[in-house]
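Working notes, structure below.
The values are calculated or read from the model by the stated rules, or taken from the named source; none is laboratory data. Predicted, not measured: the structure shown is a model, and the values here were computed from it. Positions of Cβ are backbone-derived with ideal geometry, glycine not excepted, and every protein chain shown enters the neighbour counts. Calculation scope for accessible area: heavy atoms of the full protein, side chains included, ligands and nucleic acids excluded. Shrake-Rupley method; radii C 1.70, N 1.55, O 1.52, S 1.80 Å.
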Amino acid sequence: MIRIQHEDFDVGAEIGRLRAGNPKIGAVASFIGLVRDLNEGTDVAAMTLEHYPGMTERALEAIVAQAKERWDVYDVLVIHRVGELEPTDQIVLVVVAGAHRGEAFAACEFVMDYLKTEAPFWKKEATAGGVRWVDARESDDAARARWEQGS
């Protein structure tokens, strides 16, 4: 399940819906991304996330499909917020439900690594020095590349 939204999300409620009393689920792995107040040594007052509707959902669906092909998991949820966010606000939630923790952890990490590099989101930070667009990080590309090497 994929959702792009302006509204905040309730992690407990989202995990509860994903589990929905399924007795086959033995593991739930999750990741919550938050807005930091500091990036590259500069104070950040706010972050604006933009996306291209339709394209973004298709990219996220493809990432989730890849995770489901690679690991034996029951379900994957990705919620990504857009719009203006402030430090401590939640940006993204990835939840993976499976029978075993190893599969759930791996799939969750894979989804986040690919989301950071393959999903069409654009980030703009408001700082004391003005507004700046956030470039992709080499560390995100390296994290994604390790999945292609079979790790």
Residues located in segment 1-23, provided they are more than 28 Å from Trp122 (Cβ to Cβ) and assigned to a loop (DSSP other than H, G, I, E, B): Ala20, Gly21, Asn22, Pro23
I'd like the full set of residues that are among the aliphatic types (A, V, I, L, M) and closer than 14 Å to Val94 by Cα, limited to segment 68-83. Val73, Val76, Leu77, Val78, Ile79
Among the candidates Asp75, Asp10, which residue alone is crowded, with 16+ Cβ neighbours inside 10 Å and either of a type outside the set (Ser, Thr, Tyr) or within 20 Å of Phe105 (Cβ to Cβ) (or both)? Asp75
Give me the pairs: first residue in segment 25-47 and over 13 Å from Glu84 (Cα atoms), second residue open to solvent by 80 Å² or more (accessible area, probe 1.4 Å) and assigned to a strand (DSSP E or B), beta-carbon distance under 9 Å, and six or more apart or on different chains, which are they? Ile25/Tyr74; Asp37/Asp43
Considering only segment 29-43, I want to know if a residue exists there that is open to solvent by less than 60 Å² (accessible area, probe 1.4 Å), in a helix (DSSP H, G or I) and among the aliphatic types (A, V, I, L, M). no
Would you mind telling me which numbered condition in (1) buried (at least 17 other Cβ atoms within 10 Å of the Cβ); (2) out of contact with any Leu (no Cβ under 7 Å at 6 or more places or on another chain); (3) part of a strand (DSSP E or B) Glu50 fails? (1)
